Amino acid sequence: MASLNVGSLGEYLREQRRTAQLSLRQLAEAAGVSNPYLSQIERGLRKPSAEVLQQVAKALRISAETLYVRAGILDAERERDEVETRAVILADPSLNERQKNVLLQIYESFRKENGFGIAGDGAAEETGGDAEPSSSS
């Protein structure tokens, strides 16, 4: 079991759960996973799937991409800036939800144009940039 980042993932999840003032049982229920399984993840004994991480992220109201990086699902070196940029956009209180979504779409189209795929979409990464734009404004 070498090279799994589940230890730091578990510590990070525990920290986020405590910050959200949720018990292990409350988070497990909100995420739709069993209490023992979530406990094993927090202790670094299990490596959760991307789907489970997404459910936990939603329950904690944090970025699933951040958990993917912590779990080693996304390449941390390559995706760190993209994840942080998305988080900053989503956290900006001066933008409404529509504006945030439009800004993220523009950001992702520029990344694609420059040869980088959307985080979490491994098939789209570095495909050569022949994709047509999804919309024009």
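The values are calculated or read from the model by the stated rules, or taken from the named source; none is laboratory data. This structure is a prediction, so every number in the text was calculated from the model and none was measured. A quick note on method: Cβ atoms are made from the backbone with ideal geometry, for glycine too, and the neighbour counts reach across all protein chains shown. Ligands, DNA and RNA are excluded from the accessible area calculation, which covers all protein heavy atoms including side chains. Shrake-Rupley method; radii C 1.70, N 1.55, O 1.52, S 1.80 Å.
Okay, here's what the table says:
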read-out: Test result for residue 38, surrounded by 16 or more Cβ atoms within 10 Å (Cβ to Cβ) and either more than 17 Å from the chain's Cα centre (by Cα) or of a type in the set (Ser, Thr, Tyr) (or both); value: yes
read-out: Any helices (runs of 4 or more DSSP H) falling wholly within region 26-87 and containing at least 1 residues that are in contact with a Ser or Thr (Cβ under 7 Å, 6 or more places away or on another chain); value: 50-60, 64-71
read-out: Number of the condition not met by residue 70 [criteria: (1) open to solvent by 60 Å² or more (accessible area, probe 1.4 Å); (2) farther than 30 Å from residue 114 by Cβ; (3) in contact (Cβ under 8 Å) with a residue 40 or more places away in the chain]; value: (2)
read-out: Selection within region 24-38 - farther than 12 Å from residue 59 by Cβ and of a type in the set (Gly, Ala, Ser); value: 34
read-out: Every residue from region 15-32 that is open to solvent by less than 60 Å² (accessible area, probe 1.4 Å) and closer than 19 Å to residue 72 by Cβ; value: 16
